[in-house]
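Following: one structure in structure tokens, then a few remarks.
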Amino acid sequence: MQLNQLSIVNYKNIRQAELTLSPGLNCFIGQNGEGKTNLLDAVFFLALCKSSTTASDSLCITHDQDICMLQGSFVRENGDSEVIQMGLRRGSKKTVQRNKKAYKRLAEHIGLVPLVMVSPLDSLLIIGGSEERRRFMDIVISQTDHRYMDALMSYNKALQQRNALLKQEEPPADETLLVLWEEEMARHGQIVYEARERFIEAFVPVFQEVYSTISQDKERVELAYISHAQRGPLLDVIQRDRAKDLAVGYSLHGIHRDDLEMSLGGFAIRREGSQGQNKTFLIALKLAQFDFLRRAGSHTTPLLLLDDIFDKLDASRVEQIVRLVGSDRFGQIFITDTNRDHLDQILSRTGGHYRIFSVENGNITETQAHDGDQEFAEAQL
């Protein structure tokens with residue numbers, strides 16, 4: 001998949017931008033807080049119908065404005081074009097159109113534009129709660145399996161209904177209704193569990209290989225999937241502590257409590273890992289995600305968004321990442337940094353198509369481009 005044209009109106013601090021993008025490397029250079037991450041987030045929104053940084057859609061609209069618009073012109077590997085438009089208005093639901101036709105369900109869009117984003121917020125995968133790691137699995141699997149997404153949404157609906165009954169004091173929760181929602185949780189939860197289990201089984205060897213490459217075989221990492229569904233039939237697991245659930249007012253067991261155990265050298269990485277090791281772990285996770293998405297689903301090369309990835313890494317690890325990113329295994333790449341040092345290293349390895357943009361106070365200006373053998377520049381950074 002390739003994004004050729006990007007139009008932005010009132011997205012966070014970017015009031016207006018019209019960008020022609022390179023099919024290869026697109027570099028965005030600027031100081032912190034100028035809008036580099038917001039630009040990548042706009043691309044993320046077009047692919048996944050939500051922001052990577054904010055839970056509320058209204059927070060994506062420029063503060064003093066009422067509407068926000070995004071439009072991306074994409075080209076698939078087979079040459080088919082896709083124009084995706086997204087609109088936000090304060091107090092209204094977001095709208096997403098594909099080739100001028102609105103989706104009946106936004107879930108239908110997920111997976112059309114496969115995408116992987118690496119950002120400083122990924123640290124929550126290590127230091128955050130289990131919901132962060134479940135979200136990681138959900139984002140990856142949902143881009144390749146709509147049945148998974150439907151099952152996850154149905155499970156969450158049943159969970160919400162069961163929790164509402166558990167909280168109910170007068171009259172007491174209807175046992176017949178409890179059983180109904182428990183059966184729904186078990187039926188859809190089993191689909192989610194089996195999909196997550198298959199994903200981790202295929203994902204771990206690739207993740208370990210990428211980490212080994214970046215660290216130059218200095219450390220051993222592991223990733224283990226933990227689920228209540230591993231304790232027996234999911235319906236039995238959900239129902240066995242119903243009395244305790246009634247006492248606390250919510251569901252203590254189910255796939256909504258799944259987790260990923262992340263370890264380095266046999267110990268939990270959140271306790272043992274240095275900043276550089278944690279950063280390497282997270283980058284390896286995301287580059288393995290890229291490989292998984294490329295091979296699964298539509299077999300379309302995902303977009304790769306790299307936001308400030310070189311901070312807290314020693315020179316040898318930066319060198320290995322530069323080698324990986326500069327190889328031909330990746331397609332279109334969007335990368336941000338505060339200076340050109342790392343970007344120039346990558347550019348020297350690619351030697352193909354690239355465009356360099358300056359980002360300042362939400363204004364994005366193209367400063368240099370190389371299209372095949374022809375290079376032109378408006379200014380040097």
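The values are calculated or read from the model by the stated rules, or taken from the named source; none is laboratory data. The shown structure was predicted, so the numbers you read here are calculated from the model rather than taken from an experiment. Virtual Cβ from ideal backbone geometry, glycine too; neighbours counted across all protein chains shown.
Residue 101: in contact with a strand residue (DSSP E or B) (Cβ under 8 Å, 6 or more places away or on another chain) and more than 22 Å from residue 263 (Cβ to Cβ), yes or no? Answer is no for this residue. For the range 273-291, a residue qualifies if it is farther than 13 Å from residue 215 by Cβ and among the basic types (Lys, Arg), and exactly one does: 286. Does residue 143 qualify as being of a type outside the set (Phe, Trp, Tyr) and in contact with a Pro (Cβ under 8 Å, 6 or more places away or on another chain)? Yes, satisfied.
Here is the figure for the range 138-185: residues that are in a helix (DSSP H, G or I), without any contact (Cβ under 8 Å) to a residue 60 or more places away in the chain and more than 14 Å from residue 242 (Cα to Cα) total 17. Put simply, of 72, 79 the only residue that is outside the structural domain of residue 132 (by TED's automatic domain parsing) and part of a strand (DSSP E or B) is 72. One residue is enough: does the range 313-321 have a residue meeting the conditions modelled with pLDDT under 85 and under 30 Å from residue 112 (Cβ atoms)? Looking for residues that are modelled with pLDDT under 85 and under 30 Å from residue 112 (Cβ atoms), one finds at least one in the range 313-321, hence yes. Hey, among the residues in the range 208-241 that are more than 21 Å from residue 162 (Cα to Cα) and in contact with a Gly (Cβ under 7 Å, 6 or more places away or on another chain), which one's modelled with the lowest pLDDT? The selected residue is 219. Residues considered: 32, 13. Of these, the only one that is closer than 30 Å to residue 340 by Cβ, surrounded by fewer than 18 Cβ atoms within 10 Å (Cβ to Cβ) and touching a helix residue (DSSP H, G or I) at 6+ places or on another chain (Cβ under 8 Å) is 13. Put simply, of 127, 139 the only residue that is surrounded by fewer than 14 Cβ atoms within 10 Å (Cβ to Cβ) and closer than 29 Å to residue 200 by Cα is 127. Cβ-Cβ contacts under 6 Å between residues 6 or more apart (or on different chains), taken from a first residue in the range 46-57 that is over 10 Å from residue 115 (Cβ atoms) to a second residue that is in a helix (DSSP H, G or I), are listed as 49/106; 51/41; 51/45; 51/60; 53/41.
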